[in-house]
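J.: Below is one structure. I have some questions about it.
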Amino acid sequence: MAVNRSVIRGVGAYLPKRIMTNDDFSRIVETTDEWITERTGIKQRHIAADDELTSDLGIAAARQALVRSGIDPVDIDLVICATATPDRTFPATAVRIQAGLGITKGAAFDIQAVCSGFVYAMTTADNFLKTGLFKRAIVVGAETFSRILDWSDRGTCVLFGDGAGAVVLEAQPQHGTREDRGILSTLIRSDGRYEDLLYVDGGPGSTKTTGHLRMNGREVFRHAIQKISGVIEETLVMTGYTPDEIDLYVPHQANQRILDGIAKRLGVDPKKIMTTLAKHGNTSAASIPLALNQAFEEHRLAEGNLVLMEAMGGGFTWGAVLARW
Ligand code: UT7
């Protein structure tokens with residue numbers, strides 16, 4: 001049966017110029033390069049300039065994705081931005097990205113699912129494209145987490161970085177089988193009972209301030225391995241693929257030990273798991289499209305490859321998207 005599939009036509013990314021190394025952190029808080037490297041795999045992260053906003057990062061990433069897709073911005077009718085660090089409380093950062101790209105038709109809105117934001121945004125875009133309501137979408141993950149960090153808390157400030165990634169999706173008629181190109185399955189979950197383990201202690205409706213990120217790292221770590229492994233397993237059951245048949249896993253990048261733990265639990269060859277932690281740190285909603293972009297630039301994505309993207313973040317929220325490149 002013919003169906004519409006959301007085919008990934010292009011991917012792009014942007015990282016701010018300024019880099020902070022682990023040694024830079026050892027001059028701010030009581031930490032060492034050795035501790036950060038061993039406990040997380042992170043060596044450096046990019047930090048946005050004072051005059052660089054989340055939308056600026058998102059626009060740069062989207063422009064690159066558009067060029068690579070060969071699609072004219074005027075033919076885009078949906079812009080979704082996954083971010084927990086919007087430029088302003090409103091309007092949506094997606095609307096600013098839409099304007100920056102010169103797009104004046106269709107719809108643009110933000111998705112707030114923190115580190116799972118990109119998976120949520122891809123799921124949302126896919127549903128609009130499958131139903132035919134929109135034809136071509138830009139899905140952006142863009143963050144400036146440096147703005148919501150408590151720079152005196154060594155347990156969190158060393159973990160995060162800024163950046164953006166984007167993909168261009170196009171609805172294309174396919175056969176309706178698992179051999180199709182494009183997004184083959186999506187799965188999103190949330191459970192608000194875990195809010196206190198990872199949150200920002202401010203907001204316009206509560207403190208009227210932006211607030212700072214707070215995390216119980218050890219507990220989040222435990223849940224991350226369980227929940228991410230869980231959605232990978234569910235996706236494989238839903239689509240009938242084995243872990244070996246997936247060509248590339250592109251997970252949210254929070255901690256190298258989480259990625260190693262998932263690989264071990266599912267029996268996946270670690271070489272099949274994209275990792276950008278050493279260079280980017282945790283960029284929340286931007287981490288999956290940044291890793292996807294790196295995979296593309298390293299020629300690790302060929303047409304027909306199966307790519308599994310998965311994440312967990314504040315809320316808790318979590319989910320997975322399986323796509324054929
Ligand atoms: O993206 C959203 C999802 N986020 C995540 O998935 C993050 C999940 N959590 C983690 O990645 C890890 O839990 C962390 C990297 C945050 C922490 O690693 P850990 O092995 O769980 O360490 P811990 O929190 O249990 O802390 C161990 C020790 C503590 O000292 P004591 O209490 O044992 O004396 C911390 O105070 O390490 C200390 N510590 C540090 N030491 C040096 C915490 N941060 C640092 C630091 N440098 N930066």
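J.: Looking only at the stretch 152-187, which residues have a backbone nitrogen under 18 Å from a spot 7 Å from the Cα of residue 1 in the C-beta direction?
T.: The answer is 172-181, 183-186, whose backbone nitrogens lie closer than 18 Å to the label point.
J.: Could you work out which residue, out of 93, 156, 123, moves most in a Gaussian network model of the chain, that is, has the largest mean-square fluctuation with Cα springs under 10 Å?
T.: Between 93, 156, 123, it is 156 that shows the largest mean-square fluctuation.
J.: Quick one: work out the % antiparallel among DSSP beta bridges in the chain, nearest 5.
T.: Of the beta bridges lying entirely in the chain, close to 75 percent run antiparallel.
J.: Heavy-atom accessible area per residue, the chain, 1.4 Å probe: how many Å²?
T.: Each residue of the chain exposes 42 Å² on average to a 1.4 Å probe.
J.: Next up: Quick one: with all protein chains in place, what share of the accessible area of the stretch 197-318 is carbon or sulfur, to the nearest percent (1.4 Å probe)?
T.: On the way: 2710 of 5090 Å².
Taking all protein chains in place, the stretch 197-318 shows 53 percent carbon and sulfur surface.
J.: Between residue 52 and residues 5 or more places away or on another chain, which pairs have amide H atoms under 5 Å apart, with H built 1.01 Å from N, and which residues are they?
T.: none
J.: Between the stretch 199-220 and the stretch 142-198, how far is it from one alpha carbon centroid to the other, in angstrom?
T.: 18 Å
J.: Distance cut-off 32 Å, Cα to Cα: go down the list 130/279; 43/130; 227/279; 105/227 and report the pairs above it.
T.: 130/279; 43/130; 105/227
J.: Tally up the carbon and sulfur contribution to the accessible surface of the stretch 3-174 as a whole percent, 1.4 Å probe, everything protein left in place.
T.: Carbon-and-sulfur percentage of accessible area, whole number: 52.
J.: In nm, what is the difference between 0.36 nm times the number of residues separating residue 219 and residue 242 and their Cα-Cα distance?
T.: Computed gain between residue 219 and residue 242 is 5.4 nm.
J.: Please give the FRET efficiency for residue 19 paired with residue 193, using the beta carbon to beta carbon distance and R0 = 35 Å, rounded to the nearest 0.05.
T.: 0.40
J.: Where does the chain land at 222 nm, in deg cm²/dmol rounded to the nearest 500, when only DSSP H runs of n ≥ 4 count, each adding -39500 (n - 2.57), divided by all residues?
T.: After summing the helix terms and dividing by residue count, I get -9500 deg cm²/dmol.
J.: Note the per residue figure in Å³ for the convex hull of the C-alpha positions in the chain.
T.: It is 124 Å³ per residue.
J.: Here's a follow-up. If I build a Gaussian network model for the chain, linking alpha-carbon pairs within less than 10 angstrom, which residue out of 96, 189, 218 has the largest mean-square fluctuation?
T.: Greatest mean-square fluctuation among the candidates belongs to 218.
J.: Taking the stretch 182-324, how much of its Cα-Cα pair set, in percent, is spaced more than 28 angstrom apart? Write down the numbers at each step before the final one.
T.: On the way: 1946 of 10153 pairs.
Pairs farther apart than 28 Å: 19 percent.
J.: If you plug each phi of the stretch 33-42 into the Karplus form 6.51 cos²θ - 1.76 cosθ + 1.60 with θ = phi - 60°, what whole-Hz ³J(HN,Hα) values come out, in order, with x for Gly and Pro?
T.: So the J values, rounded to whole Hz, are 4, 4, 4, 4, 5, 5, 7, 10, x, 7.
J.: So, in nm, how far is label residue 264 from label residue 299 when the simple model puts each one 7 Å beyond its Cα toward the Cβ?
T.: 3.4 nm
J.: Next question, about the same structure. HN-Hα J couplings of the stretch 177-189 from phi, Karplus 6.51/-1.76/1.60, θ = phi - 60°, integer Hz, Gly and Pro as x?
T.: 10, 6, 7, 4, 7, x, 6, 9, 7, 9, 8, 10, 9
J.: Once both labels are modelled 7 Å past Cα along the beta-carbon direction, what's the residue 27-residue 175 spacing in nm?
T.: Between residue 27 and residue 175, the simple spin-label model gives 6.0 nm.
J.: OK, next. What order do you get for 108-121, 221-234 when each peptide is scored by the mean count of other beta carbon atoms within 10 Å, highest first? Don't skip to the answer; put the middle values down first.
T.: Numbers: 108-121: 27.4, 221-234: 19.0.
Ranking, from highest mean packing down: 108-121, 221-234.
The values are calculated or read from the model by the stated rules, or taken from the named source; none is laboratory data. It should be emphasised that the depicted structure is a prediction, and the values quoted were computed from it without experimental measurement. Using ideal geometry, Cβ is built from the backbone for each residue, glycine included, and neighbour counts are taken over all protein chains shown. We work out accessible area using only protein heavy atoms, side chains counted, and drop any ligands, DNA or RNA first. Shrake-Rupley method; radii C 1.70, N 1.55, O 1.52, S 1.80 Å.
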